[in-house]
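What follows draws every value from the coordinates through simple rules; no lab data is involved. Only a predicted model underlies this, so the values are computations on that prediction, with no experimental measurement involved. Cβ placement follows ideal geometry from the backbone for every residue including glycine, while neighbour counts extend to all protein chains displayed.
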Ligand code: ADP
């Protein structure tokens, strides 16, 4: 027990005994005992009043003078208060430092509450997003940034995993990339970066590839047409040049495939809207592709198996999805030796809808997997060319899946085989129409 409590107990005993003795002397024991209780209670009430008054009304930092246990109580409260003040000062200076560093940032930073209401923002948010300090604090960000892509992004399940590009509401020439980062207790940090320059460079690259591909298309068609005529002519000249004509025909076909794939990629990149609402009957597409796969497999006699959920449809673009599934099935046939097994699956689980094509082919070493969707990236360039590959198939697959909110997953073991998965989020599953 601390000294203060010992002192306090002594104080109470002395008071009671003192007044008890007086009571005995005057023959009024109970009256004086009652008076001693009243005095003791009064003293505590008085100190309690002083404590409460100090907390609520007094502007003094120092606590009032007190003796005994109340002196200790005042002192402990005083220390607690000191600690709190120190912490507050530290937090305030940290907050000031944070605010001045974020204010100096060229990127817009907006602190959003649980309902996406604006709590705080820096100067760049005024320049890039047009937020006004006096009017917009407390407003919902979705009321101020009314771009449909932004609304779709901010209300999506995991916005932190992606970003959205929008035109600045202040200046139509500015392109902004917006990221939403969730943090403590349902709060969000919205970051907007000016990517106009980058966007322009990307646009120039895209236009260049699209224009070159477009310009090459006509001469290739003309050359291809003449070669075909010469092959068909079967005259003396054609006989003499048969091998050369065959190679020329093969190469023009290959170049045409590359040009077509490049044009398709450019189109996929430039089309921004991706809010598909039409149900795509994937089972029907896969049944068609399954039949085509047998033709493509030809004399290599692959063992092809189809396991599909016929009632599972997703919202999407039919032709884009068909070309994606077709690319993956064609690859499985290309890179699987004779009589290998290929399994095509279409199913759903708690995460969403999945397309999977497994093969027992050559497999892909782990170091190639991260780069496989890059344009023209091939594990074995010669092998891919011999098989008629353009090196653009998986890049197309990745773009189509991005536009459908899905992603490509690859499991592969060298010499054992690969499985390519297309994972679609659960909100893309939609009721099939007939
Ligand atoms: P390509 O037209 O060359 O097939 P893709 O973009 O479709 O181009 O594929 C890129 C590379 O990935 C291929 O060149 C090949 O090396 C590898 N690849 C794709 N699918 C498979 C598969 N099922 N098995 C083994 N390797 C594969």
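The alpha-carbon atoms of the stretch 105-194, seen along their principal axes, cover 33, 27, 24 angstrom, with the largest extent given first. Once Rg and the Kirkwood radius are both taken over the C-alpha atoms of the stretch 198-270, their ratio Rg/Rh works out to 1.19.
Axis of helix 242-270 versus longest Cα principal axis of the chain: the two differ by about 30°, to the nearest ten degrees.
Across the stretch 105-194, the mean sequence separation of Cα contacts (distance under 8 Å, 6 or more residues apart), normalised by length, yields a relative contact order of 33 percent. Of 55, 150, the sequence from fewest to most neighbouring Cβ atoms within 10 angstrom is 55, 150. Calculated mean residue ellipticity, 222 nm, the chain: -18000 deg cm²/dmol, from DSSP H runs (n ≥ 4) at -39500 (n - 2.57) each, averaged per residue and rounded to 500. Note on the chain: along the principal axes its Cα atoms extend 150, 50, 44 Å, ordered by decreasing extent.
The distance linking the stretch 84-104 with the stretch 292-308 is 67 Å (Cα centroid to Cα centroid, whole angstrom). Evaluated at q = 0.10, 0.19, 0.21 Å⁻¹, the base-10 log of the normalised Debye intensity for the stretch 132-260, with identical point scatterers placed on the Cα atoms, takes the values -0.58, -1.07, -1.18.
Report, to the nearest 10°, how far helix 68-104 tilts away from the longest principal axis of the Cα atoms in the chain, using its own Cα long axis and a range of 0 to 90°. On a 0 to 90 degree scale, this one is about 30. Would you compute the Debye intensity of the stretch 324-434 from its alpha-carbon atoms alone, equal scatterers and no solvent, and pass along log10 I(q)/I(0) at q = 0.15 Å⁻¹ to two decimals? The Cα Debye sum returns log10 ratios of -0.65. Each 10 Å bin from zero holds the following percent of Cα-Cα pairs in the stretch 1-148: 9, 21, 16, 14, 13, 11, 9, 6, 2, 0.
For the chain, relative contact order (Cα pairs under 8 Å, six or more residues apart, normalised by length) works out to 9 percent.
In the stretch 285-358, Cα pairs under 8 Å separated by at least six residues give a relative contact order of 38 percent.
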